[in-house]
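This report concerns only the one structure given below.
What follows is calculated from the coordinates using simple rules that are stated; it is not laboratory data. If you're wondering where the values come from, they're calculated on a predicted model, not measured in any experiment.
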Amino acid sequence: MNLYLRYFDNEAFVSNADDAIDFLASIPEIGMNADLEADIRNYCASDLMYPKRYKVRPRIYFIVIKTAAESMEDFKQKKALKPTMAADGQPNEAKETQATIISRMAEDRAGWYEGELNFKRVVLVPATGKHEYRDTTFVAQCKAESGIDCYNRIVEHLRQRVDHRSQFPSAKGKNFRYKYLGMWK
């Protein structure tokens, strides 16, 4: 396990607590003492993986981060992140990038689509006479030219039928899903 340390523009990537303490001792503003040294050694020896922040003076801190990265460059490019697991317990290779999702949504593929939209609907509460937002799921099948066209048709349909203050999510977000059902006849 390696350590990344940073205090303003001073940063270091070290492999053990001794090197980390030497780096911090080289910065006079930090004021290395026995308590701080013991705390850093305890943090390095522990199983805790969260970043640790140490106060130098009011509103001024330095951080120590444990990482599995092999070098400073790998750490900064986030190459040492733990792989995420899929539902079947196997590691995911790579998540789809936002650009890939957007380009797939805009891809022309005329036919039937099923779109599911989770949105904030404004409804009247009869007991109080006031309005409130309620999470609402709307599912529809429609003819569309693409995934984004499916989204636009669903939102256009809902805007004519719900309170104008209702809030619709972005087509790119997690609150809109669609699937292609097939060609229309």
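From the cross-link list Lys120/Lys172; Lys78/Lys179; Lys143/Lys179; Lys52/Lys76; Lys120/Lys174, which pairs have alpha carbons spaced over 21 Å apart?
Among Lys120/Lys172; Lys78/Lys179; Lys143/Lys179; Lys52/Lys76; Lys120/Lys174, the Cα-Cα distance tops 21 Å for Lys78/Lys179.
So I have (1) 1.19; (2) 1.64; (3) 0.97, and one of them is Cα Rg over 2.2 N^0.38 Å calculated from this model. Which one is it?
Working out Cα Rg over 2.2 N^0.38 Å from the coordinates points to (2).
Which distance in Å, rounded to a whole number, links the C-alpha centroids of the stretch 132-146 and the stretch 10-85?
Result: 48 Å between the Cα centres.
If the cut-off is a Cα-Cα distance under 18 Å, which aspartates and glutamates reach Lys66, setting aside same-chain residues fewer than 8 apart in sequence?
Glu11, Asp18, Asp19, Asp22, Glu37, Asp39, Asp47, Asp74
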